[in-house]
Every structure is written in C-alpha cells, then in structure tokens.
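K.L.:
First the structure, which I've put down as structure tokens, then a few questions once you've had a look.
Here, each number is a calculation from the coordinates, and none is a lab measurement. These figures come from a predicted structure and were not determined experimentally. Backbone-built Cβ (ideal geometry, glycine too); neighbour counts: all protein chains shown.
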Amino acid sequence: MNLVIQGGDIATPDLKQLAKIAGASAIEAITPTAFRLRNAAPSPQLAPYCENARLDYAFVPAERRLLDIRLAVMDMDSTLITIECIDEIADLQGLKPQVAAITAAAMRGELDYPQSLRQRVALLKGLDAGALQRVYDERLRLSPGAEAMLAKFKKLGIKTLLVSGGFTYFTGRLKDRLKLDYTRSNVLEIADGKLTGGVIGDIVDAGVKRAALLQARDELGLSRDQIIALGDGANDLQFMAEAGVSIAYHAKPVVRAQATYALNFVGLDGVLNLFN
C-alpha cells in the first residue's frame with residue numbers, strides 16, 4: 001500500500017515523521033501539495049498526527065489507477081459547489097436560519113430527507129422565481145479544485161453523473177457549464193413567476209440517488225470497481241456504497257466513517273491524487 005498525504009502546506013519535517021510512523025520506504029512528490037509514501041503500513045499514530053497538522057491521508061493500493069474508472073458520481077450541494085442552494089434561496093426570504101437548521105439535521109441523518117425537503121420548500125412559498133437566478137449568479141461557487149478534477153475526468157473519458165436533493169434549476173445550468181453527462185435532481189414548482197412551496201414529482205432522496213447511479217452503471221455496462229462516488233451528507237451514503245471507491249468530501253462524521261477515503265482539508269482536485 002502507498003500512503004498519500006495531502007494538504008495546503010506540507011512541512012518537510014511532517015513528511016519525514018509520517019514516513020517514519022508508517023514505515024514507508026520512500027517519499028515521492030505527486031504535486032507540490034501531495035506526496036506518496038511508498039510501501040506504508042497503518043499506525044494508530046497516523047490519524048491524530050494528520051488531524052493536528054491539517055493533512056489528509058489515504059492508504060491506496062499501488063495498482064489503483066484513474067484510467068480504470070469509467071463513471072464518477074457526485075453530490076452537488078456542499079460537494080461540487082460550496083453552498084446549500086436551498087439555504088441561500090431561503091436567505092432571500094429572511095428564513096435562512098430556519099431552513100439551514102433543517103438542512104443540517106437532514107445531512108446528519110437525523111431527519112427523513114423527503115419530509116425535510118418538503119418542509120424547507122414550503123417555507124419558500126411566494127418567493128419570486130428570479131431569486132433562483134440571483135443565487136446562481138451571486139452565491140453559487142464551485143468547490144476548490146472542481147474544474148481541475150472534471151477536466152481530468154473528461155480527458156480520460158470518465159462519464160460524470162450529478163445526483164442532488166437540490167433542484168434542476170441549478171443542476172441543469174451546471175450540466176451545461178461543466179459539460180456533465182447526466183444529472184438527477186428535484187423540480188421546484190413555479191406558478192405565475194413565484195415558488196408555490198411545492199416540488200413536482202418524486203423527491204430525489206438517498207434511494208433515488210442510488211437508483212440513478214445503478215441506471216448509469218447498467219447503461220454503460222460497468223462494474224462496481226469502475227465507479228467513484230463523492231458526497232458529504234447522510235443521504236449520499238446509499239449511492240456511495242455502490243462505488244468501488246467512495247470519497248467523503250468535507251463531510252459529516254457519519255459519511256467520513258463509511259467512505260473509502262475522506263478529504264477534509266484539500267479541494268476536489270485531491271481526488272486525482274488518490275489514484276496512480
């Protein structure tokens with residue numbers, strides 16, 4: 001196994017100490033902010049050391065290659081982008097604290113997701129639909145490293161699927177902008193230029209996200225090992241479990257505990273360094 005260490009600023013003494021802790025045979029630079037420690041072994045000292053130094057670490061099989069991945073499935077809110085869209089929409093209604101509290105509880109797995117989404121959307125009733133464009137233009141930002149990650153996927157012919165408990169208004173625009181292959185998300189009901197407080201059709205919850213991954217997998221004729229999945233909340237766990245490699249990105253503890261890897265400090269381009 002190789003130990004991949006990533007961080008914003010990795011001090012040489014930290015690298016040498018981590019190599020010693022893991023019994024690594026060599027230290028190789030992947031990028032200026034990512035290093036591969038060859039032939040490393042787990043140690044109980046590793047996690048606390050990296051946490052204290054604000055470094056991400058991952059044990060990666062030497063044979064794991066990005067060239068073998070054919071599908072990347074990712075969540076949108078707080079994963080591909082930095083915001084929770086519904087919280088920012090609510091902010092334009094002066095209701096962000098109420099909506100954000102429900103969002104946070106749902107992401108921790110404390111609330112039934114469909115019920116929590118209907119509660120939040122109901123609070124938006126009467127809001128001018130132009131608020132959606134304002135959120136997209138003024139507040140929606142890609143997570144650091146997102147464009148570099150997606151560019152590499154595209155170069156290697158890896159298909160991309162964006163699955164979201166958010167809304168088609170945003171996933172559709174991101175699909176066009178980022179040249180994503182597939183998206184699946186909720187449809188906000190709009191009447192007379194205003195949000196009705198309802199959602200059209202079935203809610204995209206954990207089960208629907210998983211089903212979207214399985215559909216894309218089967219259409220492309222892929223195996224589990226050819227898929228990577230990225231998410232941050234409890235409602236991402238079902239689709240992440242269907243991937244050969246799952247990555248918790250700046251995620252809730254429940255997600256970090258079940259994912260193959262966790263990126264807590266670096267951007268999405270850190271995903272690329274997890275493969276040889």
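K.L.:
Using a simple charge model, +1 on the beta-carbon of Lys and Arg, -1 on the beta-carbon of Asp and Glu, nothing else, what dipole does the chain show about its Cα centre, in debye to the nearest 20?
P.N.:
540
K.L.:
Farthest toward the dipole's positive end in the stretch 66-276, which of 272, 243, 200, given Cβ charges of +1 (Lys, Arg) and -1 (Asp, Glu) about the Cα centre?
P.N.:
Towards the positive end, the residue furthest out is 272.
K.L.:
Can you give the calculated 222 nm mean residue ellipticity of the chain, where each DSSP H run of n ≥ 4 adds -39,500 (n - 2.57) and the sum is split over every residue, rounded to the nearest 500 deg cm²/dmol?
P.N.:
-10500 deg cm²/dmol
K.L.:
Then there's this: I'd like the orientation of helix 12-22 relative to the chain: the angle between its Cα long axis and the longest Cα principal axis, in ° from 0 to 90, rounded to 10.
P.N.:
Approximately 80 degrees, to the nearest ten.
K.L.:
At what distance in nm do the modelled label points of residue 52 and residue 39 sit from each other, each positioned 7 Å from its Cα along Cα→Cβ?
P.N.:
According to this spin-label approximation, the distance is 2.8 nm.
K.L.:
Under the rule of at least 5 residues apart or a separate chain, name every residue whose amide H is placed under 5 Å from the amide H of residue 30.
P.N.:
Long-range HN contacts for residue 30: 35, 36.
K.L.:
If you place +1 on the Cβ of every Lys and Arg, -1 on the Cβ of every Asp and Glu, and leave all else neutral, what size is the dipole of the stretch 1-62 about its Cα centre, to the nearest 20 Debye? All intermediate terms of the calculation are to be shown ahead of the outcome.
P.N.:
Values: 5 positive and 5 negative charges, 37 e Å.
Dipole of the stretch 1-62, to the nearest 20 debye: 180 debye.
K.L.:
Now, a different point. When N counts the residues of the chain, how does its alpha-carbon radius of gyration compare numerically with 2.2 N^0.38 Å, as a ratio? Before the final figure, lay out each step's value.
P.N.:
Working: Rg = 19.6 Å, N = 276, 2.2 N^0.38 = 18.6 Å.
The value comes to 1.05.
K.L.:
For the stretch 97-117 and the stretch 126-198, what is the separation of their Cα centres, given in Å?
P.N.:
One Cα centre to the other: 20 Å.
K.L.:
Ok, one more. Rounding to the nearest 10 and keeping the result within 0 to 90°, find how far the Cα-based axis of helix 113-122 lies from the longest principal axis of the chain.
P.N.:
Result, in degrees: 50.
K.L.:
What distance in nm separates the two pseudo spin-label positions at residue 224 and residue 148, each 7 Å out from Cα along the beta-carbon direction?
P.N.:
Those two pseudo-labels are separated by 3.2 nm.
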